[in-house]
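Trainee: Pasting a structure below so you can have a look.
Values quoted throughout were computed directly from the atomic coordinates according to the rules given, and no laboratory measurement underlies them. The structure presented is a predicted model; accordingly, all values stated were derived computationally and were not measured. In this analysis, Cβ positions are derived from the backbone assuming ideal geometry, glycine residues included, and neighbour counts consider all displayed protein chains.
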Amino acid sequence: MKKYNCGIKGLGRIGCGFDDNPKKTSISTHAGAYSKSKYANLVALCDIDKTKLVKYGKKYNVSGIYTDLNKMFQNENLDCISICTLSDTHLDIVKSATKYAIKGIFVEKPISDSLPNAKKIIDLCKLKNVKLQVDHQRRFEPLYHKIKNLINDKKLGFIQQLSINYVAGIANTGSHFFDLMRYLMGEIEWVQGQYSKNASNNPSDPNIDGVLKFRNGVFCNVNAFDIKNFRIFELDIIGSKGRILLDLTESSARYFQVGKKGKGVKYTGLIEKPFSQKKQKDSIVLGVENLLNSIENNTENLCKGEDGYASLEDIIAMKNSAKHNGKLIHLPLKNNTDKISSK
């Protein structure tokens with residue numbers, strides 16, 4: 001595969017900042033991912049903060065630094081752009097990008113601040129034949145593909161219940177777990193939520209406790225916690241034949257199987273089994289390479305715009321339910337123009 005020229009709009013935490021810690025061994029940013037991938041040339045950075053431009057231009061050896069987005073597109077022969085700004089800016093950046101010969105857009109989650117704007121992003125990329133990928137990173141990791149196969153192959157038996165434990169807001173963190181739940185379990189039929197007593201760290205993005213019902217009849221409990229006490233992001237999947245307990249921050253899993261019944265044994269417990277989960281590349285590097293591969297071979301990527309739209313729809317539904325004191329909200333939503341706020 002040839003190398004593609006790539007740029008980044010927005011040099012905050014996910015754009016560049018998360019990788020500032022010199023002791024960190026993993027890659028957590030778009031800049032780090034492009035620099036790591038043998039299929040990408042990171043040639044341009046854009047931000048309104050000139051200090052960040054100088055800092056990260058030097059760190060990643062990028063001479064094309066810009067405060068003006070259109071000048072970046074005019075001056076650089078970009079194949080791919082990462083959008084790492086707040087969700088309410090995504091549509092305008094996509095509009096600018098698709099005026100030029102861009103081939104791929106890697107947009108941060110949530111895809112946008114509203115469903116109408118998300119649809120405009122998706123439609124515009126289709127019109128301009130641009131590959132659109134949303135950064136729900138667990139879609140790119142082999143661990144979650146393996147777990148999906150365990151579920152589909154009935155290795156866990158009948159899925160009885162799921163539980164999600166999270167912090168830091170229904171939009172910020174929820175965008176990740178809603179997408180993962182859809183990936184593993186299929187579409188959500190309805191949601192029911194209440195504002196949590198355990199506060200979010202962002203007043204405009206509340207924590208919400210609740211229940212989800214999937215179209216396959218399985219339920220999931222959603223439990224919010226206060227990040228000031230500790231960080232938690234877990235998914236517990238319990239089936240009739242086994243259990244998967246996922247640490248979604250570390251992307252690690254524990255796998256349990258139901259023990260065999262013996263003579264005189266009425267009930268059996270869960271026995272932990274070895275679960276191979278070798279990680280060759282960081283998830284965001286896999287995401288970058290998945291997008292570039294989809295451009296090279298004209299194939300679908302692993303997290304399309306429609307997946308980002310569905311995750312945003314689930315967030316809005318949950319907020320609507322909490323706003324109306326736990327009202328049952330069925331999906332898909334119709335004619336919804338609500339806006340969300342997310343870091």
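Trainee: How large, in Å, is the range 221-343 by the Kirkwood hydrodynamic radius built from its alpha-carbon pairs?
Mentor: Working: mean 1/r = 0.0526 Å⁻¹.
Over the range 221-343, the inverse of the mean reciprocal pair distance is 19.0 Å.
Trainee: What is the angle, in °, between the Cα long axis of helix 283-297 and the longest principal axis of the Cα atoms in the chain? Nearest 10 is fine, range 0 to 90.
Mentor: 60
Trainee: For the range 161-306, what does the alpha-carbon gyration tensor say about shape, rounded, prolate or oblate, given a ≥ b ≥ c as the root eigenvalues, a/c under 1.5 as rounded, and a/b over b/c as prolate? Provide the component values of the computation, followed by the final result.
Mentor: Working: a/c = 1.73, a/b = 1.17, b/c = 1.48.
Note, shape of the range 161-306 comes out oblate.
Trainee: Sticking with this one: Report the extension gain between K3 and N61 in nm, rounded to one decimal, defined as 0.36 nm multiplied by the number of residues separating them, less their alpha carbon distance.
Mentor: Here the segment from K3 to N61 would lengthen by 19.2 nm.
Trainee: For Y56, Y4, Y166, Y39, which order do you get if you count the other beta carbons within 10 Å of each Cβ and list the fewest first?
Mentor: Working: Y56 24, Y4 21, Y166 27, Y39 17.
Starting with the residue having the fewest Cβ neighbours, the order is Y39, Y4, Y56, Y166.
Trainee: How far, in degrees from 0 to 90, does helix 115-127 lean away from the longest principal axis of the Cα atoms of the chain, to the nearest 10?
Mentor: Value to nearest ten degrees: 60.
Trainee: On the first, second and third principal axes, largest extent first, how far apart are the outermost C-alpha atoms of the range 70-167 in Å?
Mentor: Here the Cα extents, ordered largest to smallest, are 55, 25, 24 Å.
Trainee: Now for a separate question. Percent of Cα-Cα pairs per 5 Å bin, from 0 to the last occupied bin, for the range 94-134, please list those.
Mentor: Pair shares across the bins are 6, 25, 38, 23, 8, 0.
Trainee: Over 10 Å intervals from 0, what percent of Cα-Cα pairs in the range 110-229 sits in each interval?
Mentor: Over the range 110-229, the share of Cα pairs per 10 Å bin runs 12, 35, 35, 17, 1 percent.
Trainee: Would you list V94, V218 from fewest to most Cβ contacts within 10 Å?
Mentor: Arranged by neighbour count, lowest to highest, V94, V218 become V218, V94.
Trainee: Continuing with the same structure: Volume per residue, Å³, of the convex hull around the alpha-carbon atoms of the chain?
Mentor: Working: hull volume 52.2 nm³, N = 343.
Given the Cα convex hull of the chain, per-residue volume reads 152 Å³.
Trainee: Rank the residues L45, L78 as a footprinting-exposure proxy: fewest other Cβ atoms within 10 Å of their Cβ go first.
Mentor: Least to most surrounded, the residues fall as L78, L45.
Trainee: How large is the helix-only mean residue ellipticity at 222 nm for the chain, computed as the sum of -39500 (n - 2.57) over DSSP H runs with n ≥ 4, divided by its residue count, in deg cm²/dmol to the nearest 500? Don't skip to the end; give the middle numbers.
Mentor: Values: 9 runs with 102 residues, N = 343.
Roughly -9000 deg cm²/dmol at 222 nm, from the helical runs in the chain.
Trainee: For the range 128-192, what is the convex hull volume of the alpha-carbon atoms per residue, in Å³? Working shown, then result.
Mentor: Working: hull volume 9.7 nm³, N = 65.
Spelled out: Cα convex hull of the range 128-192, divided by residues, is 149 Å³.
Trainee: Using alpha carbons only, how many degrees (0 to 90, rounded to 10) separate the axis of helix 142-152 from the longest principal axis of the chain?
Mentor: The angle comes out near 40 degrees.
Trainee: Looking at the chain only, what percent of DSSP beta bridges run antiparallel? Nearest 5 please. Don't jump to the answer; show the numbers that get you there.
Mentor: Values: 34 of 61 bridges.
Of all bridge pairs located within the chain, approximately 55 percent are antiparallel.
Trainee: Let me ask something additional. Binning at 10 Å from 0, report for the range 4-136 what percent of all alpha-carbon pair distances ends up in each bin.
Mentor: That works out to 13, 47, 33, 7, 0, in percent per bin.
Trainee: Taking the DSSP beta bridges in the range 118-221 as the whole, what percent of them are antiparallel, to the nearest 5?
Mentor: On the way: 10 of 13 bridges.
Around 75 percent antiparallel, to the nearest 5.
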